[in-house]
Amino acid sequence: MTQGVFGTSVKRTEDPALLRGKGLFVDDIKRHDEAAAAFVRSPFAHARITSIDKSAAEAMPGVQAVYTTDDVRSLGPLLAQVAIGKLRPLLADEVVKHVGEAVVMVVADNAAIARDGADAVLVDYDPLTAIIDPEYAATNETLVHDELESNVIHTWEAGEADAVQELADREDTVVTSLKMVNQRLIPTAIEPRGVLAEWQHGYDRVTLHTTTQQPHAVAGALALTFGLPGVNSARVIAPEVGGGFGRGLNVYAEEMLAVFASRELGRPVRWIETRSEASKSTIHGRGWTATATIVSEPDGHFLAYSLVGVADMGAYSQNFSVAIPVLGQFTMPGQYKWEAIYWKMDCVHTHTPTVDAYRGAGRPETTFYVERTVDAAARDLGMDPIELRKKNFFQPEDFPADTLIGMTMDSGDYGSNLDILVEKADIKGLRAMQEAARAEGRYIGVGIATFVEACGLAPSGFADAGVSWAGYGLPSAFNESAVVRINPDASATVVTGTGPTGQGHETVWSQIVSDRLAIPMERIVVIHGDTKDTPMGIGTGGSRSVAVGGVAVAIAADRIKEKAAKVAAHLLEASAEDIVFADNGAHVAGSPDKSVSWTDIAATAYQPHKMPEGMEAGLDMTAFFDPSNLTWPYGSHVAVVEVDPDTGDVDLMSYSAVDDCGNIVNPMIVAGQLHGGIAQGIGQALFEEAVFDEDGNLLTASLLDYLIPTAADLPSFDLAKTTTPTDANPLGVKGIGEAGTIVSTPTIVNAVVDALSPLGINDIQMPLRPKRVWAAMQEARS
Amino acid sequence: MYPRQFDYVAPTSLEEAFAALGDDSKVMAGGMSLIPLMKMRLFSPDVIVDIARIPGLATIHDAGDHISIGALVTHGETASSDSVVANATALATAASLTGDVQVRNRGTTCGALAHADVAADQPAGALACGAVMIAQSASGTREIPASEFFVDAMTSALRSDEVLTSIRLPKTGAGEGSAYDKLGRRGGHSDYAVAGAAAWVKKSNGSIEAARVALTGVGIKPTLASGVADALVGTDGSDAAVAAATEHALEGVTVLEDLYGSEEYKSHLAKVYVSRAIKQALANI
Ligand SMILES: Cc1cc2nc3c(=O)[nH]c(=O)nc-3n(C[C@H](O)[C@H](O)[C@H](O)COP(=O)(O)OP(=O)(O)OC[C@H]3O[C@@H](n4cnc5c(N)ncnc54)[C@H](O)[C@@H]3O)c2cc1C
């Protein structure tokens, strides 16, 4: 398969190894003489450490070292990209600030001894009052960190509160307001985190294998933390990584601590996170409480929108921290034209694990608020929620469309996209079915939500707003690099700066190269996740890989093509402009028999004496790509649910979607991203929630109680697409990694609320566990 | 996560197993509940006696007047056995709704009973179907009726030196039927029971002659709701009669709030599922 492979559902080249269990993950990579680390973690959300007795652990055979904050304080706190608020000490320093905070690190000859050693460390705590509720934290009645002046570490604000208020105060306007919690979630990747640190004494370099989505950032942090000569002395490798969802878009204390221990002990040090540990020491996501308000005219014309609330950042700022809500600001207005807008989000510390990027990062939150409130407005206005949306959408002729929040959206035809869904899902038929069911006392709901997201995180100008890797000592911004190399035997190697965690970049990048160069897929190898191979890369997140990294690959391939055409022209005694590439070689346009193979081209390119006069040997090209804008994929989703009137149990009967992510390289992979994304968003709507008690204990610290959806809980999703390419990049691709997650959450909640609207129910707090739905029904009935 | 150190014994006969069992030992069958507890270090026995290699424990046996389910019969086998489906429908259904495919392929019915988890499915089925537990040890065999088997939170009547070698279930006679239904934690039937109920009824000449109703998920242990059964007996099993009987569902039960429901909600659910189970049991006759 070569040309024409762009846009086809090529099977994933990653899968043969993964499906056979042969993929090499961090814990599959073994080293001679390695040691293992385990952590003593705080059982309290807020407590003073009064004593640490290491003696029993140190005396255990096989225990090599027991480290506390005194041993690592000089390395400084954990670096963060957006260093606003309190940074995390590598090990708790005098006071623990959340359940699960690492207090002591034990390193032993193997993981079992390390665990025994950790259990043998005696830590005494003096419990202090824990602040768990972010709204209470925002009042500053009690401080989370004594050394900070306020629990509110940053406030995002945009638009004009007065203008919104004026419209709300107008007598002829309808005001719809909902205060909702977008609850805290625990990213649950199938592979827990893990690191293997190897300090090379004598060379004073370090190699770190880690489950990251951003190897370059980790390398930068290592270089700064350990005072290395540069990132050239910190090689960070993300081998196969079993899922990310944003939890790998971070730099973690355990990465630094394992390197420290390896340096101290002169042995490779491995740490593999346990599932229960993951729920407290890896970042959480979401955690917003906010009020959304829509002001409309009685005919449904939208006037103003505001979203005001607090975003829980947890106890310590890591990586993006307060920059997560601002990604939500980008899409906060939704797909609607407003005359006035206002947004204010207080980012607060609480005594809970850090909150950072989780699939969608900010955009699922703001999309949830606007889409839930649009549905509520439709009820207030007595309008059909579809008609209300269409009436207020940006129209095709508005693009490129400027939003009041200061963004410019590239392209879109929201109305047609929604029309296709209405047709395809037979929403008229569904409404008739719903009517008939209601007559029988059944509660069936049809929920619609539409969205636009800001993807392809770029352009590099965002760096000036603080979004770059400068916090890790790398002044690289949100661009990507790629290398395409034709080897002497005419096979091709592609090196990318993105950090895939299951997305299929190897396949898709090969498709892009194969399509452009007519080299068969099986002759292409994609290398990723190793900082030694790429000059830079921001990593995988924000649905940006194809729209930034994939495009860099295409540009590098085009550069190869340009040079290779000259070589082919030289061999064929033709003009380079007339050379076309096909069938693993090149020929003169219109004369397929005047051809050379890639083998001929490569053989020539690597033998200077056979090259055209004055042309340098080799076929190796690097490209950097910085798009002109974000990309703005969008779509329309519908869910049908039935609520059991006796139990509040929600049965998801069907789910259909029409998505537009611009041009598509591999439809199967896009469908896969949508299926997983939709499932994850449904997880938030129906099942998932990090629950703390008032003392800050995490009650959902294992998968026994933190409920994630399984395939058996979900119907098969019915997917369709429209195609509106972006002009922000030459491939016209927009990104699809987060779309499903962003919109499926409000889709489901809208469906359940629609089902229960005959009872006058307007909102139910997520997750819509049967207990909550039943309680809402009870309250409405009484 | 790593469990604490323990000794592992894999006997090939019951006698060897008995010899290995002691005060701080645990029998392991499918390991589906035992291993996670050990890995979380909530539970650290000195000796694990893995009974998987003991011959003769993996069968479902028809003994004429009753059937027996051996200690190594998996949830999946219980669920799909024609004999169990016909003679102990409630237990077969409960087994079919236990966990996911992987768990049903490894976990055992006897293990689920011995584990005595209040949120588990099969204990309710065993209670309603009138199971008798066969507990064997070096000192002999005890026959423990299901009604006396579930003693406390995660505590059965088994001694630490005993193996639950099989359970016996009476065969379904004329006019008898049973059923199990639950609300799972992830909604529908998915996951452990927020609340569930199993019912067994015997009808003759249009009236209910005998009944057993069991609850799961709501208190501290799977339990018989004898007040419901007593109220049902003698009625015609009409919806009104079922509704009246259901009112007795929580007699003697202390309903406990958890992540999945308030006391009020779980009390309500108990009645919903008692009613559903009875109606389905009547329909299954
Ligand atoms: C992912 C997952 C989902 C689950 N979902 C559900 C669910 O929805 N509903 C539900 O009811 N359960 C559920 N379970 C629990 C599951 O059913 C267990 O398999 C079952 O409780 C134990 O059976 P086992 O054979 O695996 O026992 P083991 O784990 O081997 O043992 C469990 C306990 O019983 C004792 N024991 C086992 N067999 C014997 C015996 N023959 N004699 C004496 N003692 C014995 C052991 O000593 C131990 O204390 C789930 C488990 C998992 C891992």
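The values are calculated or read from the model by the stated rules, or taken from the named source; none is laboratory data. These figures come from a predicted structure and were not determined experimentally. Glycine also receives a Cβ, built like all others from the backbone with ideal geometry; neighbour counts cover every protein chain displayed. Note: accessible area is taken over every heavy atom of the protein model, side chains too, but ligands, DNA and RNA are not part of it. Shrake-Rupley method; radii C 1.70, N 1.55, O 1.52, S 1.80 Å.
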Contacts under 6 angstrom Cβ, first residue in segment B:47-62 being away from every other protein chain (no Cβ under 14 Å), partner among the aromatic types (F, W, Y) and more than 8 Å from the ligand (Cβ to nearest atom), 6 or more apart: B:I48/B:F6; B:I48/B:Y8
Qualifying residue in segment B:184-202 (condition: more than 16 Å from the ligand (Cβ to nearest atom) and either more than 17 Å from the chain's Cα centre (by Cα) or surrounded by fewer than 19 Cβ atoms within 10 Å (Cβ to Cβ) (or both)): yes
Wholly within segment B:80-145, helices (runs of 4 or more DSSP H) carrying at least 2 residues that are within 7 Å of the ligand (Cβ to nearest atom) and not assigned by TED's automatic domain parsing to the domain that holds B:A211: B:101-106, B:109-115
Check on B:L72, in contact with a Cys (Cβ under 9 Å, 6 or more places away or on another chain) and within 9 Å of the ligand (Cβ to nearest atom): yes
Tally of residues being at the interface with chain B (Cβ under 8 Å from one of its Cβ atoms) and among the aliphatic types (A, V, I, L, M) across segment A:705-720: 2
Qualifying residue in segment A:655-666 (condition: part of a strand (DSSP E or B) and within 14 Å of chain B (Cβ to nearest Cβ)): no
Residue under evaluation B:P3, criteria (1) crowded, with 19+ Cβ neighbours inside 10 Å; (2) of a type outside the set (S, T, Y); (3) within 11 Å of the ligand (Cβ to nearest atom), criterion not met: (3)
Of the criteria (1) within 13 Å of the ligand (Cβ to nearest atom); (2) out of contact with any helix residue (DSSP H, G or I) (no Cβ under 8 Å at 6 or more places or on another chain), which one B:D23 fails: (1)
Set A:I527, A:I512, A:I560, A:I486: member being β-branched (V, I, T) and open to solvent by 20 Å² or more (accessible area, probe 1.4 Å): A:I527
Among the candidates A:R286, A:R247, residue that is modelled with pLDDT of 95 or more and more than 14 Å from every other protein chain (Cβ to nearest Cβ): A:R286
Criterion (open to solvent by 30 Å² or more (accessible area, probe 1.4 Å), part of a loop (DSSP other than H, G, I, E, B) and away from the ligand (no atom under 16 Å from the Cβ)) met by exactly one of A:P758, A:P715, A:P730: A:P730
Condition met for A:T745 (assigned to a helix (DSSP H, G or I), modelled with pLDDT of 95 or more and among the β-branched types (V, I, T)): yes
Selection count where residues are surrounded by fewer than 19 Cβ atoms within 10 Å (Cβ to Cβ) and under 24 Å from A:R270 (Cβ atoms), scope segment A:28-51: 7
The listed residue being under 30 Å from A:R379 (Cβ atoms) and not aromatic (F, W, Y), out of A:V144, A:V175, A:V236: A:V175
All positions within segment A:53-69 that are open to solvent by less than 60 Å² (accessible area, probe 1.4 Å) and assigned to a strand (DSSP E or B): A:V63, A:A65, A:V66, A:Y67
Residue satisfying condition, being of a type in the set (D, E, K, R) and within 22 Å of A:L90 (Cα to Cα), within set A:R205, A:R170: A:R205
Residue check for A:V82: open to solvent by less than 30 Å² (accessible area, probe 1.4 Å) and at pLDDT below 95: yes
Residue ID - farthest from the ligand (Cβ to nearest atom), chosen from residues in segment A:691-707 that are aliphatic (A, V, I, L, M) and open to solvent by 50 Å² or more (accessible area, probe 1.4 Å): A:L699
Test: residue in segment B:15-27 that is closer than 27 Å to A:V40 by Cβ, surrounded by fewer than 19 Cβ atoms within 10 Å (Cβ to Cβ) and away from chain A (no Cβ under 14 Å): yes
Qualifying residue in segment A:332-342 (condition: in contact with an Asp or Glu (Cβ under 9 Å, 6 or more places away or on another chain), charged (D, E, K, R) and not in a loop (DSSP other than H, G, I, E, B)): no
Tally, over segment B:220-237, of residues that are open to solvent by less than 10 Å² (accessible area, probe 1.4 Å) and within 16 Å of the ligand (Cβ to nearest atom): 1
Condition check for B:T216: under 21 Å from B:S156 (Cβ atoms), among the hydroxyl-bearing types (S, T, Y) and surrounded by 17 or more Cβ atoms within 10 Å (Cβ to Cβ): yes
Failed criterion for A:M180 (all others in (1) among the aliphatic types (A, V, I, L, M); (2) open to solvent by 10 Å² or more (accessible area, probe 1.4 Å); (3) within 30 Å of the chain's Cα centre (by Cα) hold): (2)
Condition met for A:P89 (within 14 Å of another protein chain (Cβ to nearest Cβ) and in a loop (DSSP other than H, G, I, E, B)): no
Residue match in segment B:59-69 (condition: within 13 Å of the ligand (Cβ to nearest atom) and touching an Asp or Glu at 6+ places or on another chain (Cβ under 6 Å)): no
Residue satisfying all of: in segment A:185-216; buried (at least 19 other Cβ atoms within 10 Å of the Cβ) and among the hydroxyl-bearing types (S, T, Y); nearest to A:A311 (Cα to Cα) among these: A:T188
All positions within segment B:159-183 that are open to solvent by 30 Å² or more (accessible area, probe 1.4 Å) and within 11 Å of the ligand (Cβ to nearest atom): B:R159, B:S160, B:D161
Test for B:P11: is it away from chain A (no Cβ under 14 Å), open to solvent by 10 Å² or more (accessible area, probe 1.4 Å), more than 12 Å from the ligand (Cβ to nearest atom) and closer than 15 Å to B:T165 by Cα: no
Residues located in segment A:690-704, provided they are at the interface with another protein chain (Cβ under 9 Å from one of its Cβ atoms) and under 20 Å from A:V749 (Cα atoms): A:V691
Test: residue in segment A:383-394 that is part of a helix (DSSP H, G or I), among the β-branched types (V, I, T) and not assigned by TED's automatic domain parsing to the domain that holds A:Q765: yes
Failed condition for A:K344, given (1) open to solvent by 10 Å² or more (accessible area, probe 1.4 Å); (2) free of Cβ contacts under 8 Å to residues at least 60 places away in the same chain: (2)
